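Working notes for the structure below.
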Amino acid sequence: MSALAPVDPRIVYSPGYDLSLFGLERLHPFDGRRASRAWHAARRAFGAELDRRTLYPAGPISREQLLAVHTPAYLAQ
């Protein structure tokens, strides 16, 4: 039996993951800034190590990239 390979985890984050609806998000129970809140909470807990492990996407992912990890049926949902 072989040993498992060591894992070097990464986090993909962008402030663009936050949602803003011209202030209307304050009237809704959904937290539109939860992505940033979670990343900043993790940053407080893990410090600069989180910076080293964070990947910032350059732009939206292409359909071809999505098909590398998802089936066409899943994407059609």
Legend entry - Candidate set: region 1-16, residues that are more than 16 Å from the chain's Cα centre (by Cα) and open to solvent by 100 Å² or more (accessible area, probe 1.4 Å); chosen: the one nearest to Arg43 (Cα to Cα): Val7
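Sort out which residues of region 17-30 are open to solvent by less than 60 Å² (accessible area, probe 1.4 Å) and out of contact with any Ser or Thr (no Cβ under 7 Å at 6 or more places or on another chain), and write them in order of number.
Listed by number, the residues that qualify are Gly23, Glu25.
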Legend entry - Meets criteria (among the hydrophobic types (A, V, I, L, M, F, W, C), surrounded by 12 or more Cβ atoms within 10 Å (Cβ to Cβ) and touching a Leu at 6+ places or on another chain (Cβ under 6 Å)) for Ala35: no
Inset, instruction - Just one of (1) open to solvent by 80 Å² or more (accessible area, probe 1.4 Å); (2) in contact with a Gly (Cβ under 8 Å, 6 or more places away or on another chain) trips up Ala68, so point out which. - result: (2)
Legend entry - Yes/no for Leu55 being loosely packed, with under 13 Cβ neighbours inside 10 Å and not polar (S, T, N, Q): yes
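The values are calculated or read from the model by the stated rules, or taken from the named source; none is laboratory data. None of these values were measured; they are calculated from a predicted model. Note: ideal-geometry Cβ built from the backbone for every residue, glycine included; neighbour counts use all protein chains shown. The accessibility values were calculated without ligands, DNA or RNA, using every heavy atom of the protein model including side chains. Shrake-Rupley method; radii C 1.70, N 1.55, O 1.52, S 1.80 Å.
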